[in-house]
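A.B. asks: Take this structure, written in structure tokens, and hold onto it; I'll ask about it next.
The values are calculated or read from the model by the stated rules, or taken from the named source; none is laboratory data. Note that the structure is predicted; figures quoted are calculated from it, not measured. Every residue, glycine as well, gets a Cβ built from its backbone with ideal geometry; the counts of neighbours run over all protein chains shown. Accessible surface areas use protein heavy atoms only, side chains included; no ligands, DNA or RNA. Shrake-Rupley method; radii C 1.70, N 1.55, O 1.52, S 1.80 Å.
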Amino acid sequence: MATYLMLPAPSANRVYADCAPGLVAAELLALAGTGVLGASARAEPVSLAGSTYLQIDTDTELDTGALRAIGIVSAFQGVFRRHDGPSGSPLLEPLAVPTFDVLPSDLLTIPKYTGKTNEQFTKLLLNVTIAATAWPHRLFERDLTVLDPMCGRGTTLSQALTYGLRAVGVDVDRRDATAYETFLGTWLKTHRYKHEMTRTTIRRSGTTLGHGFSAEFAPDPGDYKAGRRLRLDYHCVDTTALRQMVRAASVDVIVADTPYGVQHGSQQDRLVRDPAGLLDRALPGWTETLRVGGAVGLAYNRHVVSPATMRDLLTRHGLTPVDPARPDAFRHRVDRAIDRDIVIARKHTTDQNQKTDQNQKTDQNQKTHQHPSEGQDHG
């Protein structure tokens, strides 16, 4: 038996910091379930000399790949191999963990605005959703397309780009789209990354549905010249119109911070704040864009919608809920009005409203770096 101790990074959010050890333990168990840490790995919060660690017990020594997986955990700060000292007191051996991110962290940390989701939670939600796919190893190959169909000012999109993944965002709020476009453009110029940003006008059958922008860039000029670029597409349209923006079976992971019934909503004839009703209308399009084997991860407010309702919605729209290793593993308090939880589901089969089996097979054989959006008119 080998024992490791992971030191969680502090969180600026005091309430989140209090529950972070338990959340990170559940996140580690989700990664362990993929086999990347060993199938028998266990994780528990422990206190040592007044500090809280995550103790990871495995049957074998962790290799470089396993240490890299620990390094992507949302609250990772450092990891140590635990040894028994001569007097029985523990000795901690610091271990080098390979750096995984391809972009600096300020892409995530610079934006500050009311209602911004904690960056650690955003990363956790993305990690556990990827772990629920049929191919979690593709994260380390940087071979996934991530869609946030309620992306707001783009925290999830920035996290996906930081991992070196392709990112697609949809949000109805033009102000959020403009704010993220302005920030990203300034950030790219500040870091002197070779890039191209293009504004788009989205038209279908002669009707303008919305606007958006796309960005291609690379930290290394040689990668940019060779076509090895990071890609982002942001569509400023209602999420219920997603199937008109994104090709069927073209994304691998869908993550969203769903409306908490507090300030977010979807704009159709009026602002809709009921998350269950909104999801019921939006999920057919979301599911259609997802490849078989892909996963959906949704954060939601238990004060507004029950876990049973969320699971039922996902099941009725052709998805199979994936249970965490422990009941209520990701449930935590945000504030008095928000009791936040996560529900995750995988897509196992296609349906008659999607592509034929032959077209589905063709899509699955396409490389994920192919543009996931349909053709657009550029304005």
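A.B. asks: Can you tell me how the range 25-152 classifies by the Cα gyration tensor, rounded, prolate or oblate, using a/c under 1.5 as the rounded cut?
C.D. replies: prolate
A.B. asks: Please determine, in degrees from 0 to 90 and to the nearest 10, the orientation of helix 307-316 with respect to the longest principal axis defined by the Cα atoms of the chain, where the helix direction is its Cα long axis.
C.D. replies: Approximately 50 degrees, to the nearest 10.
A.B. asks: While we're here: Find out how many positive minus negative residues lie around V146, taking Lys and Arg as positive, Asp and Glu as negative, among other residues whose Cβ is under 13 Å from that of V146.
C.D. replies: Neighbour charge sum, excluding V146 itself: +2.
A.B. asks: Let me ask something else. Find, to one decimal place in angstroms, the Kirkwood hydrodynamic radius of the range 114-229, where the mean of 1/r is taken over every pair of different Cα atoms and then inverted.
C.D. replies: 15.5 Å
A.B. asks: Still on this structure, I have one more. For the range 183-261, which trypsin sites (Lys or Arg not before Pro) are in a loop by DSSP, counting at most 10 other Cβ atoms within 10 Å?
C.D. replies: Qualifying residues, ordered by number: R192.
A.B. asks: Considering only the other residues whose Cβ falls under 11 Å of the Cβ of Y53, what net charge follows from Lys and Arg at +1 and Asp and Glu at -1?
C.D. replies: 0
A.B. asks: Go through the range 236-243 residue by residue and turn each phi into a ³J(HN,Hα) via Karplus (6.51, -1.76, 1.60, θ = phi - 60°); whole Hz please, and just put x for glycine and proline.
C.D. replies: Per residue, the Karplus-derived 3J(HN,Hα) values read 8, 9, 5, 5, 6, 9, 4, 5 Hz.
A.B. asks: Now for a separate question. Relative to the longest principal axis of the chain, what angle (0 to 90°, nearest 10) does the C-alpha long axis of helix 275-289 take?
C.D. replies: For helix 275-289, the angle is close to 80 degrees.
A.B. asks: For helix 119-131, report the angle its Cα long axis makes with the longest principal axis of the Cα atoms of the chain; keep it between 0 and 90° and round to the nearest 10°.
C.D. replies: Once rounded, the angle reads 90 degrees.
A.B. asks: Considering only DSSP beta bridges with both partners in the chain, what is the antiparallel share in %, to the nearest 5?
C.D. replies: In the chain, DSSP labels about 80 percent of beta bridges as antiparallel.
A.B. asks: Tell me which of G185, P21, S47 sits at the most positive position along the dipole axis of the chain, charges placed on C-beta atoms (Lys, Arg +1; Asp, Glu -1).
C.D. replies: G185
A.B. asks: Give me the distance between the Cα centres of the range 197-236 and the range 1-54, rounded to whole Å.
C.D. replies: Going from one Cα centre to the other spans 37 Å.
A.B. asks: Follow-up question, since we're still on this one. Starting from the coordinates of the alpha-carbon atoms of the chain, obtain the Kirkwood hydrodynamic radius over all distinct pairs and give the value in Å to one decimal.
C.D. replies: 21.5 Å
A.B. asks: Let me ask you something else. Leaving out ligands and nucleic acids, and using a 1.4 Å probe, what accessible area per residue does the chain come to in Å²?
C.D. replies: Per-residue value: 45 Å².
A.B. asks: Using modelled backbone amide H atoms (1.01 Å from N, in-plane), which distant-in-sequence or interchain residues come within less than 5 Å of G164's amide H?
C.D. replies: V102
A.B. asks: Mind ranking 249-258, 92-101 by how tightly packed they are, going by the mean number of other C-beta atoms within 10 angstrom, highest first?
C.D. replies: So the peptides 249-258, 92-101, ranked by packing, come out 249-258, 92-101.
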